[in-house]
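Have a look at the structure that comes next, please.
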Amino acid sequence: MSWREQIGRSLVVAKKDVWIYYLKGPVIVFGLIFPLFLLIAFTIGRNISLKELFPGVMGMAIFFTSTAVGPAILPWEARSRTLERLVCSPVSVWALFLGDVLASFFFGLLISLAPLIILLGLGVEVHHILVFVIGMILATFCFASLSILLSVYPPTDVPATVMMLSSLVRFPLVFISGVFLPVEELPSWGRAISSVSPLTYFIDLARYSITGISYYSIPLDLAVLLLFAVAFLLVSIKLHERFLPQRLS
Amino acid sequence: MNAIEVQALTKRFGGFRAVDHISFGVEEGEVFGFLGPNGSGKSTTIRMLTGVIRPDQGKAIIMGHDVHKEPLKAKQVMGIVPETSNAYIELSAWNNLMLMGELYGVPKKEREERAYMLLKQFGLHERRDSPARGFSKGMKQRLILCMALINEPSVLFLDEPTSGLDVESTRLINDVIRDLNRTGTTVFLTTHDMVEANQLCERIAIINRGAIVAIDRPEILKQMASGLESVEVSFERTVEADALSAFVHVRRVEKRGDKFRLYAEDVNGTIDSITDFAKMQGLKIVSLNTLAPSLEDIFVKLTQKERPEAGRVLA
């Protein structure tokens, strides 16, 4: 069975996820309501321009929305006893999880368009559109892969447990990624910590696409995002393969 | 070629051997029953055969494809109703079937035609657009069977397909199994229902504590039941079971409602003892039947850890 057929079946899995999981309570709470209030808290009362707000707003929007669906899928499938049905079907484990990543990716991309359109409507100009679009797609895929990785352990069938544990990773990442302060204004230890977060590189790209200024070089930002995306995807597939029997038992 | 070939299949969980070097073959077009008490290794075996878990040793070959070397090719020819499976309750019956058809790569026109036929056959066509959430247990199980058949599998695995279902759904599913068998589909069935196994299966394997203890045609298995012939008697009023267990030829007495089942080495001698006993006690016999050993008797004989002593009364 060719990889093309398997990619096709990944899209079927993604379609199933769209039908079933986009409107689940935890996804709405963690993917829409929560980031909305966080964005409101981030923007209101701060005496800075929309141009300065843009990287942080887009970074948070993409990060929270693209990591909202992934952690919910697997525990939900295990709980509703549909996971074994999927595992029995002629779909490779990698194709199965790629499908879940794609569902998270489309959710992140779709929802993040709303703040983007609002900011553009308010007069923010994106000067480096191609860089921003490529960065947005890469970052959304990277965070979607991260969201699948976050659902690996514990191999539970309680979605709320996975959602809460994933939040323990997601929130610190936002604080170390230059959302609230540009990377160049952080102390050296802060810059070192922020360099391990993929969100840092998207924020840097978003800032460059608006102001033409970036802390890292643009090829480096794109390469690191790509590297993180591939690493998250491969590691999550390997770990899911390992823990799948426990989840099914 | 066997549709299913199992060679020395073994699975351990920690130090516990759930399945221990089992080997058997299932011919193409055969309905094969796989029976065993809870925890005997039935579901672990079926999960290894369907590629859900990897065996520690041995191999399973489905229609010529090694399940663990060529899992996708093997899974492509299987239809599966897992014991712990469910349909997507958020989706309609129709969309559940479309989803499964797409996962098995069935072309759109074919999967729509098959889905229509299956929903008709299983009495779900009227509810095809309703979310499965509102379906009864029997309807859900019928839908799961439809999902397992959407790819027209060569080998169908059914893990307790009628467990806890109403009579109508059970009968429908059993009829479909017979129809599938007539069209050449190989069926691998696990069940707790001995009557169902007896009526559906051409051969039966009995697994106990991870090992296969018997494998043969149901009627041949029943011949293994020397000493399991029994006499069932009901008196007009209650009598002490101990009095019956004292009969010369009786090995064991079981009280079943208002009846006693007497397992005996000599059925005729036991009938004589019963009639003599009734005369002496001034009892009227309400019913008296001789019973051939059932598959259940064989199952109990082969799987019971310790058989009751001769003459022991089981209330």
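Only one residue in A:52, A:84 is in a helix (DSSP H, G or I) and within 10 Å of chain B (Cβ to nearest Cβ). Which one?
That would be A:84, the only listed residue that is in a helix (DSSP H, G or I) and within 10 Å of chain B (Cβ to nearest Cβ).
Would you confirm whether or not the range A:7-27 contains a residue that is part of a helix (DSSP H, G or I), away from chain B (no Cβ under 14 Å) and closer than 27 Å to residue A:178 by Cβ?
Looking for residues that are part of a helix (DSSP H, G or I), away from chain B (no Cβ under 14 Å) and closer than 27 Å to residue A:178 by Cβ, one finds none in the range A:7-27, hence no.
Same structure again: Would you point out the residue of the range A:87-115, among those that are in a helix (DSSP H, G or I) and among the β-branched types (Val, Ile, Thr), that is nearest to the chain's Cα centre (by Cα)?
Only one residue tops the list, namely A:101.
Can you find even one residue in the range B:272-289 that is closer than 30 Å to residue B:9 by Cα, among the polar types (S, T, N, Q), surrounded by 13 or more Cβ atoms within 10 Å (Cβ to Cβ) and at pLDDT 85 or above?
The answer is no, given that none of the residues of the range B:272-289 is closer than 30 Å to residue B:9 by Cα, among the polar types (S, T, N, Q), surrounded by 13 or more Cβ atoms within 10 Å (Cβ to Cβ) and at pLDDT 85 or above.
Suppose we keep only residues that are more than 7 Å from chain A (Cβ to nearest Cβ) and within 20 Å of the chain's Cα centre (by Cα) within the range B:47-77. Which one would you say is surrounded by the most Cβ atoms within 10 Å (Cβ to Cβ)?
Among them, the one singled out is B:47.
Say we look at the range B:158-182 and pick out the residues that are touching a strand residue (DSSP E or B) at 6+ places or on another chain (Cβ under 7 Å) and not in a loop (DSSP other than H, G, I, E, B); which of these is surrounded by the fewest Cβ atoms within 10 Å (Cβ to Cβ)?
B:181
Just checking, how many residues over the range B:290-315 are at pLDDT below 75, β-branched (Val, Ile, Thr) and under 24 Å from residue B:214 (Cβ atoms)?
Summing the residues that are at pLDDT below 75, β-branched (Val, Ile, Thr) and under 24 Å from residue B:214 (Cβ atoms) in the range B:290-315 gives 0.
Contact list please: Cβ distance under 7 Å, first residue in the range A:71-87 and crowded, with 24+ Cβ neighbours inside 10 Å, second residue among the acidic types (Asp, Glu), pairs at least six apart or on different chains.
A:73/A:17; A:73/A:100; A:83/A:77
Scan the range A:116-127 and give yes if some residue there is farther than 19 Å from residue A:202 by Cα and outside any helix (DSSP H, G or I), otherwise no.
Scanning the range A:116-127 turns up at least one residue that is farther than 19 Å from residue A:202 by Cα and outside any helix (DSSP H, G or I).
Quick grid of which residues meet (1) more than 16 Å from residue B:177 (Cα to Cα); (2) surrounded by 22 or more Cβ atoms within 10 Å (Cβ to Cβ); (3) of a type in the set (S, T, N, Q); (4) assigned by TED's automatic domain parsing to the domain that holds residue B:63:
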residue	(1), (2), (3), (4)
B:108	yes, no, no, yes
B:113	yes, no, no, yes
B:123	no, no, no, yes
B:128	yes, no, no, yes
B:134	yes, no, no, yes
B:148	no, yes, no, yes
B:156	no, yes, no, yes
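Suppose the filter is buried (at least 17 other Cβ atoms within 10 Å of the Cβ) and either among the hydrophobic types (A, V, I, L, M, F, W, C) or within 14 Å of another protein chain (Cβ to nearest Cβ) (or both); does residue A:37 pass it?
When the stated conditions are applied, residue A:37 does not pass them.
How many residues are more than 26 Å from residue B:11 (Cβ to Cβ), surrounded by fewer than 19 Cβ atoms within 10 Å (Cβ to Cβ) and modelled with pLDDT under 90 when one looks only at the range B:199-224?
6
The values are calculated or read from the model by the stated rules, or taken from the named source; none is laboratory data. Remember, predicted model here, so these are calculated numbers, not experimental data. Glycine gets a Cβ as well: all are built from the backbone with ideal geometry, and neighbour counts include every protein chain shown.
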